[in-house]
1. Restricting attention to helices (runs of 4 or more DSSP H) lying wholly within segment 320-416, give those where 2 or more residues are closer than 28 Å to GLY42 by Cα.
2. Inspect all residues belonging to segment 430-441 and state whether any of them is crowded, with 22+ Cβ neighbours inside 10 Å and not in a helix (DSSP H, G or I).
3. Return yes or no: is ASP585 more than 23 Å from PHE523 (Cα to Cα) and not small (Gly, Ala, Ser)?
4. crowded, with 21+ Cβ neighbours inside 10 Å, at pLDDT 95 or above, among the aliphatic types (A, V, I, L, M) and in contact with a helix residue (DSSP H, G or I) (Cβ under 6 Å, 6 or more places away or on another chain): which single residue out of ALA58, ALA10 fits that description?
5. Which helices (runs of 4 or more DSSP H) does segment 586-686 wholly contain that include 1 or more residues that are under 31 Å from the mean Cα position of the chain (by Cα) and of a type in the set (Phe, Trp, Tyr)?
6. Could you check PRO66 against (1) within 25 Å of ARG437 (Cα to Cα); (2) modelled with pLDDT of 90 or more; (3) in contact with an Asp or Glu (Cβ under 9 Å, 6 or more places away or on another chain) and say which number it fails?
7. Looking at HIS209, HIS225, which one is crowded, with 24+ Cβ neighbours inside 10 Å and either in contact (Cβ under 8 Å) with a residue 60 or more places away in the chain or among the charged types (D, E, K, R) (or both)?
8. Go through segment 86-98 and count every residue that is under 39 Å from the mean Cα position of the chain (by Cα) and over 13 Å from LEU135 (Cβ atoms).
Amino acid sequence: MTDDRLRALAAAAGIAVDWQDAFGKPQVVTPDTLRAVLAALGLPARTPDDVADSLHAATTGGGRLPPLVTAWSGQPVVIDMGVSSWSPQRYRIRFEDGGEVAGLVDHVDARTISLPAVSTPGYHCLRLDGRDLTLAVAPPRCFGIGDAMGPAARPWGLAVQLYGIRRKGDGGIGDFTGLADLARAAAAQGADALAVSPVHAMFAAEPRHFSPYSPSSRLWLNVLHIDPAALLGDGFTEQAGDEALEEAPLIDWPAAAARRMAHLRELFDRFEHTFGAAQRGFRDFRRARGEALEDHARFEALHAHLYGQDPQAWSWRTWPEALRDPRSEAVAAFAAAHERDVTFHAFLQFMADHGLANAQRAARGAGMGIGLIADLAVGSDGAGSQVWSRQEEMLTGLSQGAPPDLLNPLGQNWGLTPLSPRGLRDHGYRAFIEMLRATLGHAGGLRIDHVLGLARAWLVPDGADAGAGAYVQFPCDDLLRLVALESWRHDAIVIGEDLGTVPDGFRDRLGAAGLLGMAVLSFTRDADGRWLPPAEWPAAAVGLTGTHDLPTLAGWWSGRDIAWRRRLNLFSADHGPAAVAAERDEDRASLWQALCEEGTAEGAAPDPDMPGPFVGAAISYVGRSAGPLVLLPVEDALAQDEQPNLPGITDPHPNWRRRLPGSADRLLEPPAVRARLAALAAARKA
């Protein structure tokens with residue numbers, strides 16, 4: 001086999017064989033990595049015959065029309081037919097509202113056709129000489145803040161880690177009722193949005209797997225955030241004995257989850273005989289959510305059963321072969337034999353959905369113009385429900401991550417399974433659309449984690465080092481159109497987490513589609529290191545003081561993050577703690593000067609052990625940013641010095657375990673907190 005043929009196949013499959021790393025050095029993907037990535041894409045390349053067959057499939061689309069094509073409203077509909085053996089002559093479009101239009105096809109070239117522009121957004125039925133497919137026509141851009149609140153609006157909001165919210169009776173884990181309480185409290189201070197950490201479904205049988213960015217499924221919800229009383233009444237709160245769990249500064253996930261699940265199971269066992277109205281709602285919910293809900297409920301029951309018997313059965317790939325296929329007779333037989341367990345997990349999703357819906361209603365009812373902003377994680381755990389139930393649409397055998405860069409010289413492997421670009425096309429983007437709808441179901445906004453993955457993803461073969469991956473191209477135009485369409489159908493703004501190594505021109509594509517980027521204080525510097533004044537921040541980006549992966553304002557000023565790195569020995573050999581501390585001293589001085597020049601601070605810079613004045617000045621500074629929205633992490637509103645997550649570390653730093661210091665309904669009442677929020681509101685108006 002010649003390298004040229006393998007390279008041609010890789011190029012046809014959207015793999016970047018040649019690429020440039022963050023240090024400016026040209027890189028070439030090895031043949032072994034190419035073959036592994038191609039195999040996961042469904043394009044085997046072990047032999048010359050494999051390469052020839054796969055190249056034909058990659059360049060012809062397998063001889064099949066895609067079941068769904070996309071277009072922008074007001075622009076011609078261009079369709080790659082994949083093969084030239086069939087040339088349709090006529091088309092007919094039946095719109096969602098019942099109208100129709102028909103005409104002749106325009107043949108652009110041997111494999112491309114074009115239809116006249118369609119002005120009506122929606123999912124329409126397109127017939128080409130007797131063959132039907134779906135035509136998804138997107139509005140010109142996403143639903144925006146101006147659409148939600150008017151063109152003159154300059155809103156602000158808070159960002160919170162849901163698990164960390166406190167309220168009496170929550171059993172030691174933040175829940176949807178606490179979220180509703182915090183939304184009302186924030187709205188009372190003038191906030192129009194509350195961005196929430198991912199609430200995706202985790203593994204009910206293994207609460208020690210609790211990172212919200214490594215979910216079992218992005219189609220369903222984390223049932224540990226359920227407050228039973230929200231649906232069943234105040235008499236069904238957690239049982240007595242949870243005080244120690246509730247008052248602890250850190251979540252004890254195994255203990256709190258065990259109590260929560262036991263309580264939920266007890267309620268479920270009483271459910272059939274007690275809650276008539278809720279029973280009807282549950283039946284309707286289960287019927288409406290259909291096969292996707294049944295798949296998840298069956299997975300949870302299977303996982304609890306098999307993992308409970310054998311700790312090696314954590315991943316469905318280790319299960320008996322017949323149980324690895326969600327459509328197998330063996331899975332159906334298991335579901336029939338364990339019908340109550342399956343129904344229990346479906347019931348939990350019903351309760352979680354009800355709780356999240358209540359939180360969004362509380363936010364909007366309290367006056368928020370946007371309400372909750374949901375967070376869509378970049379991928380799913382390969383051992384989980386979503387990958388098991390959507391195997392043809394996921395890239396099993398590969399994990400998503402990032403190549404070596406300045407912050408991570410060895411690269412990153414997040415252990416997450418991404419969607420498959422070929423699987424998406426072949427299945428009409430079903431998995432992507434249902435994921436958007438699930439995340440937007442009870443939200444006024446969406447944050448897409450690592451939005452760069454809409455264009456390309458760094459994919460690492462299982463068992464390989466993080467640096468031994470490859471960039472794989474994704475159908476960015478199709479995905480952006482679907483995001484815009486679902487954004488309008490849900491009246492929800494869209495934010496893309498665009499931090500990292502950004503492809504040339506990608507932010508322009510996001511902006512044209514109406515997706516907001518992210519401008520974070522610590523990264524808003526020019527090539528010479530100058531802190532950019534707020535007026536020079538990107539106008540199409542949300543302003544933030546920080547993120548869950550970065551030091552808090554108080555932690556940065558005091559050097560708390562450096563202390564953690566020193567404790568965990570996270571310094572490189574040529575850039576030790578003394579050098580990092582010296583750089584921080586310089587950065588403190590230059591940032592304080594920038595704050596003074598902007599007018600949000602004055603006088604001499606405070607000592608590192610007195611971060612309060614800096615926190616208030618920095619919040620006002622970010623509040624003046626040019627973007628249409630500012631989001632303030634609750635940790636910064638409270639001037640806390642510990643960050644929620646220290647990337648790349650699982651112990652002893654308590655990632656995803658910190659609880660907020662007061663109850664949600666009173667968390668924002670201390671005078672210092674109210675003053676910071678008032679200053680932020682004033683800065684937005686200014």
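1. Values: elements: 329-337, 339-365, 385-389.
The qualifying helices (runs of 4 or more DSSP H) are 329-337, 385-389.
2. Checking segment 430-441: not a single residue is crowded, with 22+ Cβ neighbours inside 10 Å and not in a helix (DSSP H, G or I).
3. Values: more than 23 Å from PHE523 (Cα to Cα): no; not small (Gly, Ala, Ser): yes.
So ASP585 fails the test.
4. Numbers: ALA58 fails: at pLDDT 95 or above.
Of ALA58, ALA10, the one residue that is crowded, with 21+ Cβ neighbours inside 10 Å, at pLDDT 95 or above, among the aliphatic types (A, V, I, L, M) and in contact with a helix residue (DSSP H, G or I) (Cβ under 6 Å, 6 or more places away or on another chain) is ALA10.
5. The qualifying helices (runs of 4 or more DSSP H) are 612-623.
6. Result: PRO66 passes all but (2).
7. Numbers: HIS209 fails: crowded, with 24+ Cβ neighbours inside 10 Å.
Matching residue, one of HIS209, HIS225: HIS225.
8. Step one: list which residues in segment 86-98 are under 39 Å from the mean Cα position of the chain (by Cα), which gives 91-98.
Subset that is over 13 Å from LEU135 (Cβ atoms): 97-98.
Adding up the residues that qualify gives 2.
The values are calculated or read from the model by the stated rules, or taken from the named source; none is laboratory data. Keep in mind that this is a model prediction, so the values were computed, not measured. Every residue, glycine among them, receives a Cβ derived from its backbone with ideal geometry; neighbour counts consider all protein chains shown.
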